[in-house]
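S.K.: Attaching a single structure in structure tokens format; questions to follow.
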Amino acid sequence: MRATTIHAPGDIRVEDVPDPTIGVPTDAIVKVVAGCVCGSDLWPYRGENPVKAGSTIGHECVGVVEEVGSDVSSFAPGDFVIVPFCHCDNTCPHCAAGVQSACVNSNMTQSGQAEYALVTQAEGSLVKTDGAPDTALIPSLLTLSDVLPTGWHAAVAAGVRRGGTVVVVGDGAVGLCGVLAAATMGAEKIIAMSRHEPRQKIATEFGATHIVAERGTAAAAAVKEITSGVGADAVLECVGTGDAMGTAFAVARPGATVGFVGVPHGVELPIRRMFQKNIGLAGGIAPVRRYLPELLGLVLSGQINPGIVFDSTLPLDEVAEGYRAMDERRSIKVMIEP
């Protein structure tokens, strides 16, 4: 099959690799209808994470079941499915506690930007739609594989509540989905930190009530002014850098919680401020399967339209341009069609 591979920082190629096969009875093979480039894919692309030359890359996709193992009874060839980026059996003690991303049988999608993807815990991971969805729904359904549940997880971890004040640090697709999550959960005041007009526009469409373009101490001062000197009840950190985490704690009011979902790189926590102001930290890898049924219902009912975070669609052969566009911030999120 054709698949996206990475060979070195900045070196993305489409190459022929072996087709996935059913290795154990819990496996399924999905023919990819749509995949996408994730912000976390940019870490190895930029040389911030180790790169194994020639390895496939991409972990977000939706598609049609091609083949299932003998232990997979709820899905059959022809079913349209959302593939959570983190696979789980959905039955282990951690899954039962709502932390499917830490399943004892966990795995991850390895070739979401490809023609086919292997799902290693299909029975517990996959969620299917009722028949083939309308083409216009594909972008929103694709967000359910990672980016929307990740933004949602940040809001859940931060304790977003109806009538509360929320600050979202990060205006990538995850941050924008965090804005949408906070609005859906009923937050009254949602402050999106963004310096880019196209992203500000989507943030506003998703429910942001205020935009703060400043950075650092100026950003914290702007949030204090908007909140009458109090700070945010909940903060969503959706970047993963030290600066972003520092900003998140600077704008959090005493007793608040920072929900973090940005993959940490060079982050040091302000432990003394956390201690003195009783500011908590929660989050991590999103347990996608936990949130999928609710989020799928919101998408299918038309209550939310997260698919607008995709501002570019490219064929698989042009996936390298998708990486460049996101790396250079010319695109928010790029959808890939095999």
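S.K.: Given the conditions (1) open to solvent by 40 Å² or more (accessible area, probe 1.4 Å); (2) at pLDDT 95 or above; (3) closer than 24 Å to Cys38 by Cα, report the number of the one that Val309 does not fulfil.
M.R.: (1)
S.K.: Collect the residues in the stretch 71-125 that are within 30 Å of Asp317 (Cβ to Cβ), touching a Ser or Thr at 6+ places or on another chain (Cβ under 9 Å) and assigned to a loop (DSSP other than H, G, I, E, B), keeping them in residue-number order.
M.R.: The answer is Asp79, Pro84, Phe85, Thr109, Gln110, Ser111, Gly112, Gln113, Thr120.
S.K.: Would you point out the residue of the stretch 259-302, among those that are assigned to a helix (DSSP H, G or I), in contact (Cβ under 8 Å) with a residue 12 or more places away in the chain and of a type in the set (A, V, I, L, M, F, W, C), that is most open to solvent (accessible area, probe 1.4 Å)? Show your work before the answer.
M.R.: Taking the stretch 259-302 first, the residues assigned to a helix (DSSP H, G or I) are 271-277, 288-300.
Those left that are additionally in contact (Cβ under 8 Å) with a residue 12 or more places away in the chain: 273-274, 277, 288-293, 295-296, 298-300.
With of a type in the set (A, V, I, L, M, F, W, C) added as a condition, the list becomes 274, 288, 292, 295-296, 298-300.
Numbers: Met274: 33, Val288: 0, Leu292: 0, Leu295: 0, Leu296: 17, Leu298: 18, Val299: 5, Leu300: 95 Å².
My answer is Leu300.
S.K.: Now a separate question. Can you tell me which residue within the stretch 51-68, out of those that are assigned to a loop (DSSP other than H, G, I, E, B) and surrounded by 15 or more Cβ atoms within 10 Å (Cβ to Cβ), is farthest from the chain's Cα centre (by Cα)? Spell out how you get there, then give the answer.
M.R.: Within the stretch 51-68, the first condition is being assigned to a loop (DSSP other than H, G, I, E, B), and the residues that meet it are 51-54, 57-60.
Subsequent filtering for residues that are surrounded by 15 or more Cβ atoms within 10 Å (Cβ to Cβ) retains 51, 57-60.
Values: Val51: 21, Ile57: 15, Gly58: 12, His59: 10, Glu60: 9 Å.
Ranking the qualifying residues of the stretch 51-68, first place goes to Val51.
S.K.: Yes or no: the stretch 165-174 includes at least one residue that is of a type in the set (A, V, I, L, M, F, W, C), surrounded by fewer than 22 Cβ atoms within 10 Å (Cβ to Cβ), in a helix (DSSP H, G or I) and touching a residue at least 60 places away in the same chain (Cβ under 8 Å).
M.R.: Taking the stretch 165-174 first, the residues of a type in the set (A, V, I, L, M, F, W, C) are 166-169, 173-174.
After this cut, where a residue has to be surrounded by fewer than 22 Cβ atoms within 10 Å (Cβ to Cβ) as well, the list is none.
Taking every residue of the stretch 165-174 in turn, none turns out to be of a type in the set (A, V, I, L, M, F, W, C), surrounded by fewer than 22 Cβ atoms within 10 Å (Cβ to Cβ), in a helix (DSSP H, G or I) and touching a residue at least 60 places away in the same chain (Cβ under 8 Å).
Conditions tested, residue by residue: (1) small (Gly, Ala, Ser); (2) out of contact with any Gly (no Cβ under 8 Å at 6 or more places or on another chain); (3) within 23 Å of His153 (Cβ to Cβ); (4) open to solvent by less than 30 Å² (accessible area, probe 1.4 Å).
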{"position": "Cys36", "(1), (2), (3), (4)": "no, no, yes, yes"}
{"position": "Asn49", "(1), (2), (3), (4)": "no, yes, yes, no"}
{"position": "Ser70", "(1), (2), (3), (4)": "yes, yes, no, no"}
{"position": "Asp79", "(1), (2), (3), (4)": "no, yes, no, no"}
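S.K.: Scan (1) open to solvent by 30 Å² or more (accessible area, probe 1.4 Å); (2) closer than 30 Å to Thr120 by Cα; (3) in contact with a Pro (Cβ under 9 Å, 6 or more places away or on another chain) for the single condition Ile332 breaks and write down its number.
M.R.: (1)
S.K.: Looking only at residues that are in a strand (DSSP E or B) and among the small types (Gly, Ala, Ser) in the stretch 4-34, which one is most open to solvent (accessible area, probe 1.4 Å)?
M.R.: Taking the stretch 4-34 and keeping what is in a strand (DSSP E or B), we get 4-8, 11-16, 28-34.
Then keep just the ones that are among the small types (Gly, Ala, Ser); that gives 8, 28, 34.
On the way: Ala8: 35, Ala28: 0, Ala34: 2 Å².
Residue satisfying both the conditions and the ranking: Ala8.
S.K.: Which of the residues that make up the stretch 83-98 are open to solvent by 30 Å² or more (accessible area, probe 1.4 Å) and out of contact with any Cys (no Cβ under 9 Å at 6 or more places or on another chain)? Break it down stepwise before answering.
M.R.: As a first pass, look at the stretch 83-98 and keep what is open to solvent by 30 Å² or more (accessible area, probe 1.4 Å): 90-91, 93-94, 96-97.
Of everything in the stretch 83-98, those that are open to solvent by 30 Å² or more (accessible area, probe 1.4 Å) and out of contact with any Cys (no Cβ under 9 Å at 6 or more places or on another chain) turn out to be Pro93, Ala96, Ala97.
S.K.: Okay, moving on. Where in the stretch 176-246 are the strands (runs of 3 or more DSSP E), entirely inside, with at least 2 residues that are at pLDDT below 95?
M.R.: On the way: elements: 189-193, 210-212, 232-237.
Correct list: empty, since no element meets the threshold.
S.K.: Are any of the residues in the stretch 244-258 open to solvent by 20 Å² or more (accessible area, probe 1.4 Å) and farther than 16 Å from Thr165 by Cβ?
M.R.: yes
S.K.: Here is a follow-up. Go through the stretch 186-208 and count every residue that is of a type outside the set (Ser, Thr, Tyr), under 18 Å from Phe310 (Cβ atoms) and surrounded by 16 or more Cβ atoms within 10 Å (Cβ to Cβ).
M.R.: Narrowing the stretch 186-208 to residues of a type outside the set (Ser, Thr, Tyr): 186-193, 195-203, 205-208.
Now narrow it down to the ones that are under 18 Å from Phe310 (Cβ atoms): 196-203, 205-206.
Subset that is surrounded by 16 or more Cβ atoms within 10 Å (Cβ to Cβ): 199-200, 202-203, 206.
Total satisfying the criteria: 5.
The values are calculated or read from the model by the stated rules, or taken from the named source; none is laboratory data. Model, not experiment: these values are computed from the prediction. Counting neighbours? That spans all protein chains shown, and the Cβs are built from the backbone with ideal geometry, glycine included. The accessibility values were calculated without ligands, DNA or RNA, using every heavy atom of the protein model including side chains. Shrake-Rupley method; radii C 1.70, N 1.55, O 1.52, S 1.80 Å.
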